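To start, the structure itself, in structure tokens.
The values are calculated or read from the model by the stated rules, or taken from the named source; none is laboratory data. Keep in mind that this is a model prediction, so the values were computed, not measured. Backbone-built Cβ (ideal geometry, glycine too); neighbour counts: all protein chains shown. Quick note on the areas: whole protein, heavy atoms, side chains included, nothing else; ligands and nucleic acids left out. Shrake-Rupley method; radii C 1.70, N 1.55, O 1.52, S 1.80 Å.
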Amino acid sequence: KKSKIIKIAKEIRKITKKYKVKLIINDHLNISKITNADGCHLGQNDGSVIGAKKYLKKQIIGVTCHNSKSLAKIAIKSKADYLAFGSFNKSKLKPEAKKANINILKWAKRNIKKPIVAIGGIKGSNYKKFIKFGAKYIAISSYIWDNP
């Protein structure tokens, strides 16, 4: 299974380079390194930001902070390149994800100097409100993969 993911990621990498778009691999430091992705996104159980930075050198490291100011402060102290908050909506990709409140984005916009990413069930019909409330970026998975 991992070899299939690597093969797909390498193909996606060609596309992202062509269009000058960042490729961030979710959860897997080794796949991020093997595919020469721009970075890796870490969930709370995917290892430390400090360890990831040592392993991936100059790649971007982002971290999920759910709906937590304390996790955000830890991520900043660990020198994460960006912080992600969510899940703001139900998502087929991660149906068990912890729910986040839009107020965390408002807090982050006022208190965090790093880029903020909104995650979780974001699609064409709702993404603008996340940008309005403080997200600099949005993460979309299901909306792309499930879109005919």
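Worth pointing out:
- Entry remark, region 127-148: residues being outside any loop (DSSP other than H, G, I, E, B), open to solvent by 70 Å² or more (accessible area, probe 1.4 Å) and farther than 16 Å from residue 80 by Cα number 8 in total.
- Pairs are defined by a Cβ separation below 6 Å, a sequence spacing of at least 6 or placement on different chains, a first member in region 9-27 that is under 26 Å from residue 51 (Cα atoms), and a second member that is hydroxyl-bearing (Ser, Thr, Tyr) and outside any loop (DSSP other than H, G, I, E, B); the pairs so defined are 23/16; 25/32.
- Screening the candidates 42, 23, 71, 93 for the property of being touching a strand residue (DSSP E or B) at 6+ places or on another chain (Cβ under 6 Å) and closer than 26 Å to residue 126 by Cα yields one hit, 42.
- Unmet criterion (only one of (1) on the phi < 0 side of the Ramachandran plot; (2) touching a helix residue (DSSP H, G or I) at 6+ places or on another chain (Cβ under 7 Å); (3) among the basic types (Lys, Arg)) for residue 10: (2)
- The set of residues in region 11-35 that are exposed (fewer than 15 other Cβ atoms within 10 Å of the Cβ), among the charged types (D, E, K, R) and not in a loop (DSSP other than H, G, I, E, B) comprises 11, 14, 17, 18.
- Look at region 133-148: where a residue is within 13 Å of residue 89 (Cα to Cα) and a partner is open to solvent by 60 Å² or more (accessible area, probe 1.4 Å) and outside any helix (DSSP H, G or I), sitting 6+ places away or on another chain with Cβ atoms under 6 Å, you get 141/93; 142/92; 142/93; 143/123.
- Residue match in region 42-55 (condition: at pLDDT 95 or above, under 22 Å from residue 128 (Cβ atoms) and open to solvent by 50 Å² or more (accessible area, probe 1.4 Å)): no
- When restricted to residues that are modelled with pLDDT of 90 or more and either hydroxyl-bearing (Ser, Thr, Tyr) or touching a helix residue (DSSP H, G or I) at 6+ places or on another chain (Cβ under 7 Å) (or both), region 126-148 contains 7.
Residue-by-condition table, conditions (1) under 24 Å from residue 33 (Cα atoms); (2) more than 12 Å from the chain's Cα centre (by Cα); (3) assigned to a helix (DSSP H, G or I):
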position	(1), (2), (3)
58	yes, yes, no
61	yes, no, no
70	no, yes, yes
88	no, yes, no
92	no, yes, no
105	no, yes, yes
113	no, yes, no
125	no, yes, no
